[in-house]
Amino acid sequence: MTVFISYSCIIGEEWRQVKDNVVAVDLGGTLIRSALINEKGEILARAKRETLAQEGPEPVIERIEACIRDVSKGAEPISIAAPGPLDPWKGIIHQAPNLPGWREVPLADILHRTFKVPVYLNNDANLAALAEHRFGAGQGVSDLIYLTISTGIGGGIISQGRLLVGAKGLAGEVGHMTLEPEGPPCGCGGRGHLESLASGPAIARRAVEEIEKGAETSITRLVEGEPSKVTAKVVAQAAQEGDPLANSIFKEAGFYIGLGIANLLHILNPELIIIGGGVSKAGDLLFDPIRATVEARAILSIKEGVKIVPSALGDDVGLLGAAAFVLKAG
Ligand SMILES: [Zn+2]
């Protein structure tokens, strides 16, 4: 029988199930990464393969299995970090924007049939929050929020030392809070969501919009006049070179993220905000306007002492979160 952790008892001591090693898998739109991880969060072996997501679920699942075999002889429980929305109780991926063709895929069950070990499946951003809490920037902090700013914007909430999961396991979807009711369309079908205003693609889109209006910017030179080559990374590079447009676009993205964080502070009263994901590598370009907006928009008693810091675990945050979900502490 497939063993799933009941989310109703995720928190506190109960969810810490095993003391030995675990095989963690981070299923991303570009890369599948796997690792054998011990209870201290030390990575004992690792492997990766390109996802080649356009080939559809079956070949991708075969590559996941190969990545697991690369790091394990098959005795350890398997814990998977995957993009959502997904059902952590049933181990089913409902759909995933970066994984074409994935609809209601019972991934945990498929892997359990192959490896005959317990298999756990959770949202990657929720697991990242657990990882930072257990092994990273949030150690010893009881109330924190993790945000990932990447192709999309996701989040995970630790409240009183517990991962907040919600009624359907879908809590923490911070990227879909509405900040501009008439704002740009979001990948989810909504409008003016944080993700549609401040994700990597949103930053690139803003730059292209301004270039098409005739803005003078070094972004044009960096992409050799080809708008389809504009990415958040290119905009960050231009901003670091002092380009005014690129700087204003990062300021705008940081403003919206800061606005979102101010909303979250008022609802959840965390003491720490951790920001990861590829776009967060822009550093102060993004963090300065975020901090300034939180300072301007949150009420004094709630913002006092709140730290806003970068992720401490970088690209391993999904793997370590998957491990943290099943490993017994101490
Ligand atoms: Zn949305």
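The values are calculated or read from the model by the stated rules, or taken from the named source; none is laboratory data. Keep in mind the model is a prediction, meaning the values are calculated, not measured. Every residue, glycine among them, receives a Cβ derived from its backbone with ideal geometry; neighbour counts consider all protein chains shown. Surface areas here come from the heavy atoms of the whole protein model, side chains and all, with no ligands, DNA or RNA. Shrake-Rupley method; radii C 1.70, N 1.55, O 1.52, S 1.80 Å.
I need the shape label for region 18-168. Rule: rounded when a/c is under 1.5, else prolate if a/b > b/c, else oblate, with a, b, c from the alpha carbon gyration tensor. Oblate shape, in that a/c is at least 1.5 and b/c is the bigger or equal ratio. Extents of region 251-305, taken as max minus min of Cα coordinates on every principal axis and listed largest first, are 29, 18, 16 Å. Annotation: peptides 46-58, 227-239, 23-35, ranked by per-residue average of other Cβ atoms within 10 Å with the highest first, follow the order 23-35, 227-239, 46-58.
Applying a length cut-off of 15 Å (Cα extent along the axis) and a mean Kyte-Doolittle floor of 0.5 to the DSSP H helices of the chain leaves 244-268. Under the simplified labelling scheme, the residue 75-residue 52 pair shows an inter-label distance of 3.2 nm, with each label point 7 Å from Cα along Cα→Cβ.
Of the peptides 84-97, 192-205, the order by per-residue mean of other Cβ atoms within 10 Å, starting with the highest, comes out as 192-205, 84-97.
Each Lys or Arg adds one and each Asp or Glu subtracts one; over the other residues with Cβ under 11 Å from the Cβ of residue 249, this totals -1. With 0.36 nm allotted per residue and the present C-alpha distance subtracted, the residue 89-residue 103 stretch has 3.4 nm of extension available.
Hey, what's the Kirkwood Rh for region 97-250 if you take every pair of different alpha carbons, in angstrom?
18.0 Å
Note that region 218-226 has calculated 3J(HN,Hα) couplings of 6, 4, 4, 5, 5, 9, 6, x, 10 Hz, one per residue in order, obtained from phi through the Karplus relation 6.51 cos²θ - 1.76 cosθ + 1.60 (θ = phi - 60°); glycine and proline are x.
Show which lysines lie in cross-link reach of residue 281 when reach means a straight Cα distance below 20 angstrom and same-chain residues fewer than eight apart are skipped. Of all the lysines, those that pass the test against residue 281 - Cα under 20 Å, at least 8 places apart if same chain - are 229, 233, 251, 307. Here the accessible area of region 43-161 is 48 percent carbon and sulfur, with a 1.4 angstrom probe and all protein chains present. Sorting 111-121, 144-154 by average packing, meaning the other beta carbons within 10 Å per residue, from highest down gives 144-154, 111-121.
Per-residue ellipticity at 222 nm computed for the chain from its helices equals -11000 deg cm²/dmol, with DSSP H segments shorter than 4 residues left out and the rest contributing -39,500 (n - 2.57). Oblate is the label for region 273-327. Its Cα gyration tensor axes, ordered a ≥ b ≥ c, give a/c of at least 1.5 and b/c at or above a/b. Calculated translational diffusion coefficient of the chain (4 °C, 1.567 mPa s; Stokes-Einstein with Kirkwood radius over alpha-carbon pairs) equals 64 µm²/s.
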